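Let me begin by presenting the structure, written as structure tokens, before commenting on it.
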Amino acid sequence: NQIKIFSPATVANVSCGFDVLGFCLDTVGDEMIIRKTVEKGIKITKIDGFDLPLETKKNVAGVAALAIYEDAKPDCGFEIEIYKKIKPGSGIGSSSASASGVVFAINELLGKPYNKTQLSDFAMKGEAVASGSEHADNIAPGIFGGFTLVKSNQPLKILELPTPSNLYATLIHPQIEVKTAEARNILPKNIPMQDAITQWSNVGSLVHALHTNDYPLLGEALQDVIVEPHRSKLIPHYNEVKKAAISNGALGSGISGSGPSIFSLSEGIETAKKVEQAIQEVYTKTGIEFYTFTSKIN
Ligand code: HSE
């Protein structure tokens with residue numbers, strides 16, 4: 001009658017795929033305990049780690065839980081404990097980990113009546129509370145694992161992409177907060193045709209690279225001419241981090257979700273570790289607090 005789950009951090013956008021591409025990390029994530037109760041309704045009883053609202057309708061996990069609960073109409077309620085390890089506003093899918101974790105867990109306790117796409121749809125309702133818009137690019141990799149592409153939101157259609165086996169992600173999280181809603185507001189409403197052409201050629205190349213294990217092509221495709229020029233201004237020393245990562249062997253780097261975290265992809269753990277060290281050196285000099293980690297994509 002109770003389940004304990006690990007809900008992983010995720011990287012959305014993956015440079016060229018704003019609001020559609022994402023991948024799942026396996027070393028950092030939230031933990032949650034979800035319990036069936038006789039009393040009906042959804043109740044958040046504990047949030048450990050960060051100061052977030054316990055009130056169900058104001059909490060990302062609460063809203064996502066209500067979405068699946070109101071659809072399933074079970075003859076019980078659920079109580080949620082959240083042990084939050086992913087800092088809100090860090091750019092590695094903090095809100096979506098809460099949302100996707102809780103719907104996954106409730107589905108398990110109900111005997112798995114829903115498929116992964118339906119779970120993603122419920123989780124999106126929670127994510128919208130945090131970011132001000134419904135997008136599934138963090139939710140989908142959290143629920144499906146690996147790389148995912150959101151083909152459409154309505155109806156929600158998610159494609160699972162293959163992950164080359166020797167691919168590692170290195171993340172740096174500068175300890176500043178970037179609110180997703182604000183990072184979306186600074187984006188242009190219209191884009192030049194030439195930029196659109198560059199971007200969709202990169203998205204297509206990235207998908208092809210994942211299917212063919214073409215690491216160099218994957219690196220070339222990690223380019224974002226639409227969003228990065230605006231958002232990189234919100235991230236201190238962004239270009240230096242990117243330069244350090246690439247000159248130490250990374251295939252490419254970009255903003256993780258809406259930032260401020262920066263991700264780099266590398267072929268092989270040795271390169272990824274070297275990249276992590278080079279990035280640490282850049283940030284140590286700045287005096288800004290940060291943490292880094294390297295993870296397989298899973
Ligand atoms: N695609 C989203 C964005 C991810 O970049 O705004 C963050 O929720």
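The values are calculated or read from the model by the stated rules, or taken from the named source; none is laboratory data. In this text the structure is predicted, and so the values were computed from the model without any measurement. Please note: Cβ atoms are built from the backbone with ideal geometry, for glycine as well, and neighbour counts cover all protein chains shown.
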### Query
What pairs can you find where one residue is in segment 1-29 and over 19 Å from TYR291 (Cβ atoms) and charged (D, E, K, R), the other is in a loop (DSSP other than H, G, I, E, B) and within 9 Å of the ligand (Cβ to nearest atom), and their Cβ atoms are less than 6 Å apart, with a gap of 6+ or different chains?
ASP19/HIS135; ASP19/ASP137
### Task
Please work out if VAL28 is part of a helix (DSSP H, G or I), of a type in the set (A, V, I, L, M) and surrounded by 18 or more Cβ atoms within 10 Å (Cβ to Cβ).
no
### Residue in segment 135-145 that is within 14 Å of the ligand (Cβ to nearest atom) and β-branched (Val, Ile, Thr) present
yes
### Query
From the list THR271, THR292, which residue is in contact with a strand residue (DSSP E or B) (Cβ under 8 Å, 6 or more places away or on another chain), touching a residue at least 60 places away in the same chain (Cβ under 8 Å), farther than 19 Å from SER90 by Cα and not in a loop (DSSP other than H, G, I, E, B)?
THR271
### Query
Since THR180 meets every condition but one in (1) of a type in the set (Val, Ile, Thr); (2) in contact with a strand residue (DSSP E or B) (Cβ under 7 Å, 6 or more places away or on another chain); (3) within 16 Å of the ligand (Cβ to nearest atom); (4) under 19 Å from PHE263 (Cα atoms), which condition does it not meet?
(2)
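Would it be correct to say that THR45 is touching a Ser or Thr at 6+ places or on another chain (Cβ under 7 Å), in contact (Cβ under 8 Å) with a residue 24 or more places away in the chain, at negative phi and surrounded by fewer than 23 Cβ atoms within 10 Å (Cβ to Cβ)?
Here the answer is no, as THR45 does not meet what is asked.
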### Task
Take segment 257-278 and flag every residue that is surrounded by fewer than 24 Cβ atoms within 10 Å (Cβ to Cβ), of a type outside the set (A, V, I, L, M, F, W, C) and within 21 Å of ASN213 (Cα to Cα).
GLU267, GLY268, GLU270, THR271, LYS273
### Task
Name the single residue, out of those in segment 102-132 being over 15 Å from the mean Cα position of the chain (by Cα) and of a type in the set (D, E, K, R), that is nearest to the ligand (Cβ to nearest atom).
LYS125
### Task
Could you list all residues from segment 110-127 that are among the polar types (S, T, N, Q) and either crowded, with 21+ Cβ neighbours inside 10 Å or on the phi > 0 side of the Ramachandran plot (or both)?
SER120
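If you go through segment 56-71 one residue at a time, how many are surrounded by fewer than 14 Cβ atoms within 10 Å (Cβ to Cβ) and either modelled with pLDDT of 95 or more or assigned to a strand (DSSP E or B) (or both)? Lay out the reasoning, then the answer.
Just the residues of segment 56-71 that are surrounded by fewer than 14 Cβ atoms within 10 Å (Cβ to Cβ), to begin with: 57-58, 70-71.
Subset that is either modelled with pLDDT of 95 or more or assigned to a strand (DSSP E or B) (or both): 70-71.
The number of residues fulfilling the criteria is 2.
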#### Entry: Options SER94, SER7; residue that is under 24 Å from ALA183 (Cβ atoms), at pLDDT 95 or above, within 16 Å of the ligand (Cβ to nearest atom) and of a type in the set (Ser, Thr, Tyr)
SER7
### Message
List the residue pairs whose Cβ atoms are under 7 Å apart, where the first residue sits in segment 178-194 and is in contact (Cβ under 8 Å) with a residue 12 or more places away in the chain, the second is within 10 Å of the ligand (Cβ to nearest atom) and hydrophobic (A, V, I, L, M, F, W, C), and the two are 6 or more positions apart or on different chains.
### Response
THR180/ALA130; LEU187/VAL227
